[in-house]
1. Rg/Rh for segment 8-57: what does it come to with C-alpha atoms and Rh from Kirkwood?
2. Cβ under 13 Å from GLU6's Cβ, GLU6 left aside: what net charge do those residues give with Lys, Arg +1 and Asp, Glu -1?
3. Obtain the radius of gyration and the Kirkwood radius of segment 36-100 from its C-alpha atoms and give Rg over Rh.
4. Describe numerically, in nm with one decimal, the distance between label points set 7 Å from Cα along Cα→Cβ at THR52 and at PHE101.
5. Can you find, among GLN39, SER21, ASN84, the residue farthest towards the positive end of the dipole of segment 9-115? Put +1 on the C-beta of Lys and Arg, -1 on that of Asp and Glu.
6. Dipole size in debye (nearest 20) for the chain around its Cα centre, Lys and Arg Cβ +1, Asp and Glu Cβ -1?
7. At q = 0.14, 0.22 Å⁻¹, what is the base-10 log of I(q)/I(0) for the chain according to the Debye formula with one equal point scatterer per Cα and no solvent? Please give it to two decimals.
Amino acid sequence: QVQLVESGGGLVQPGGSLRLSCAVSRLIFGAYVMGWYRQEPGSQRELVATLTSGGDTNYTDSVKGRFTISRDNAKNTVYLQMNNLKPEDTAVYYCNVNLGFRNFWGQGTQVTVSS
């Protein structure tokens, strides 16, 4: 069992920044992929960024150069640093762990970008 808890969402003006955190309940052994997803009302959940156990990162085109996924193994925490936020980034953001045989999801944290 893996439990994920997101935090750090909120209301921010366009051009502002937020850092999302995902606290992981236990150490994960073997190969895995950490990911951040987001979902707008009435839309499908979409992949934002991934970080593999080997340290490789990938981003969807719309956030490249603005968002950064990282981890702090000592704190069992994964981060999503979001800079130069746009209204189009408004969504509920979810943390995900893909173990290959099973996926684990957090509850989500709301990010609203508005003036």
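1. Numbers: Rg = 13.9 Å, Rh = 13.4 Å.
Rg divided by Rh gives 1.03.
2. On the way: positive: ARG19, ARG38; negative: none.
Here the charged neighbours net out to +2.
3. Working: Rg = 12.2 Å, Rh = 12.7 Å.
Taking Rg over the Kirkwood Rh, I get 0.96.
4. The answer from the label model is 2.1 nm.
5. Farthest towards the positive end: SER21.
6. On the way: 10 positive and 8 negative charges, 49 e Å.
Magnitude of the dipole: close to 240 debye.
7. Log-scaled intensity ratios, in q order: -0.52, -1.27.
Quick note: the coordinates plus some simple rules give every number you see, no bench work behind them. Remember, predicted model here, so these are calculated numbers, not experimental data. For neighbour counting, all protein chains shown are included, and Cβ atoms are generated from backbone atoms with ideal geometry for every residue, glycine included.
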